[in-house]
1. Regarding region B:150-167, can at least one residue be identified that is farther than 27 Å from residue B:105 by Cβ and not in a helix (DSSP H, G or I)?
2. Among the residues of region A:94-109 satisfying the criterion of being touching a Leu at 6+ places or on another chain (Cβ under 8 Å) and more than 7 Å from chain B (Cβ to nearest Cβ), which is surrounded by the most Cβ atoms within 10 Å (Cβ to Cβ)?
3. Among the listed residues A:85, A:69, A:144, which satisfies the condition of being surrounded by fewer than 18 Cβ atoms within 10 Å (Cβ to Cβ), modelled with pLDDT of 90 or more and among the aliphatic types (A, V, I, L, M)?
4. Given the criteria under 30 Å from residue B:168 (Cβ atoms), away from chain B (no Cβ under 14 Å) and in a loop (DSSP other than H, G, I, E, B), does residue A:55 qualify?
5. Counting only residues that are within 30 Å of residue B:181 (Cα to Cα), within 11 Å of chain A (Cβ to nearest Cβ) and touching a Gly at 6+ places or on another chain (Cβ under 8 Å), how many does region B:280-324 have?
6. For residues in region B:270-279 being crowded, with 24+ Cβ neighbours inside 10 Å and touching a Ser or Thr at 6+ places or on another chain (Cβ under 7 Å), which is nearest to the other protein chains (Cβ to nearest Cβ)?
7. Looking for something farther than 23 Å from residue A:204 by Cβ, of a type in the set (Lys, Arg) and modelled with pLDDT of 90 or more - is there at least one such residue anywhere in region B:132-141?
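The values are calculated or read from the model by the stated rules, or taken from the named source; none is laboratory data. Bear in mind that the values here come from a model prediction, so they are computed numbers and not experimental data. Cβ sites come from the backbone with ideal geometry, for glycine too, and all protein chains shown count toward neighbours.
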Amino acid sequence: MNRYTRLSFVREVALIIVGVLFLVPLFALVNVAFKPSNSRTSALELDFPPSVANFGLAWGQGALGGALINSFIVAVCSVLGVVVIAAFASYPLARITRRWSRLTFYLFIGGLLIPTQLGLLPLYVTMRDLGLLGTLGALILMNIGTQLPFSIFLYTTFMREMPLDYEEAALLDGCGPVRTFASVVFPLLRAVTGTVVILNSVSVWNEFFTPLLYLSGSGNTTAPVAIYNFVGQYVAQWPLVFAGLIITVLPILVLYFILQKHIIKGFAGGLKG
Amino acid sequence: MTLSATVSGLNSVPAAVAAQEEAARLKPPAPARKRVSRSGIRAPWWFLVPALGIYLFIVVWPSITGAIYSFTDWNGLASDWSFVGFENFAEVFSDRRAVAALVNTVVLAAVVMVVQNVIGLGLALAVNNTIKSRSILKVVFFAPVVLTPLVAGYIWSYLLAPEGGINSVLSSVGLSDLAHDWLGDPNTALFAICGEIIWQFSGYSMVIFLAGLQAVPEEVLEAATIDGAGVWRRFFSVILPLLNGAIVINLMLSLIGGLKQFDQVMAMTGGGPGTATETISTTIYKSAFSTGEYPVSIALAVVMTILIAVLASVQFRLTSRKAD
């Protein structure tokens, strides 16, 4: 079963063909972005010489620089916030066995089934009344709130399986609870922290619905919202549009190809609970 | 898992529930474990305060008020409102756009759930093998998952356009009769969107199935082979039952992701032509933020929540029972 047979070879060739087909849309993305704007060739034909003019134009016309910086700020703050807040919250949830602790845990887990659309309008009105509409702060707060349930679920279930010995040792050495958690427990959680960071970074970076609502009408945009506006403006100028698309997905794709193993493991690992 | 699978985005949420319920089902209730140690470890309750505060403010409170407002004539602006019973729901079910959105969303979620998981399982079985290029193929199949769904939607709307890549490939192989305005025809637009989502997230299903396949011991498969089980028999009687956990999680993820679908539709059709690809999420968005029909929007969100809860639990019941 483990030998490389002729059948394996056939299978391998077939699978490589499927893999190439999977990459066609990504190839089209790159190929079209390098076409001159008046090109009449199809998505899969190469144009010579390739034109890089689209990228400069897209960068300028789409205000993509600002949007990328905003996306970056939102992603970093949201992910940092989720990690710290969820890890701290999970400590009592995992270590205290009282009834209220279990009920609080279920309160968080229940959030996994509630779509954000349910609270959409009331929260929008509250944010408006607080003057937070159009700010990155509103977005960061939103992201932290909606990502908390899953992150708390991961941290708590992991921590419940963790032995108490290290904490006891820290206590004997005279550490208070904050010190124990920050310098003993939290470092032991790094596998979960990795998963939480990966899943949340990808979903926050790609998020479209929330920023579309909370930033509309303000000068602020994030990468997906900037792209939405940009495409609305330059519809059918595909080479220009595709250059813009590449600029906004480049950060996440580069990260993916550098950290592929960790990212794939993160996605699969989060699921095993 | 995620994501906001995106899910919209990569929605990791439903998987967690599935994983947890699955774990609860498989394990006997854990004996009360001593989490408070003899030596008196104290986990301070106030560690919970920031999380609870933000969660109540962002999720719990708005959701409760949203559910209550769905029985009122609240219009988003005026501070006074009164109860109107089920009037808003009656309006939702008599609104052609909203009904079309409900039907489209269920069709889309069902098609994506089935096809994405069949392809994902096929890829997982194929990659989980002796072939030499398996690690690079895994990276290739998973790559669309991290791509921004909105961007993926735009790429596909270009490929599916009347003069786009798919039609030009069809004509170049002599199948120009099949060439089509995929997104402009109300009969194909919804399925074209399903195709995009399936392309994007099959790699996600694959990764989860691969994690499940790790749990299928090689010896069991060898034993089955010695007992005379063929390829299909091994698949249906040995591999599939052992993959039950991964199947439950995968179906749950793709179902809930499909029911929340927003990004790709906005990129590819904006809900058109007509109402052919309108989904619940796009209708909630439009009725609140472009046509100002707040009651419809908010009642539809309640219907969506119920739909997710009901379909997810039906799916969970059906798939988990198979293992018994």
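1. For region B:150-167, residues farther than 27 Å from residue B:105 by Cβ and not in a helix (DSSP H, G or I): present.
2. The selected residue is A:105.
3. Result of the check over A:85, A:69, A:144: A:69.
4. Numbers: under 30 Å from residue B:168 (Cβ atoms): yes; away from chain B (no Cβ under 14 Å): yes; in a loop (DSSP other than H, G, I, E, B): no.
So residue A:55 fails the test.
5. 2
6. The first filter runs over region B:270-279 and keeps only residues crowded, with 24+ Cβ neighbours inside 10 Å, leaving B:277-279.
From what is left, the residues that are touching a Ser or Thr at 6+ places or on another chain (Cβ under 7 Å) are B:277, B:279.
On the way: B:277: 16, B:279: 11 Å.
In this case the residue turns out to be B:279.
7. Checked against the condition, which is being farther than 23 Å from residue A:204 by Cβ, of a type in the set (Lys, Arg) and modelled with pLDDT of 90 or more, region B:132-141 yields at least one hit.
Yes or no, residue by residue, for (1) within 12 Å of chain B (Cβ to nearest Cβ); (2) part of a helix (DSSP H, G or I):
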| position | (1), (2) |
| --- | --- |
| A:4 | yes, no |
| A:27 | yes, yes |
| A:31 | yes, yes |
| A:38 | no, no |
| A:43 | yes, no |
| A:84 | yes, yes |
| A:87 | yes, yes |
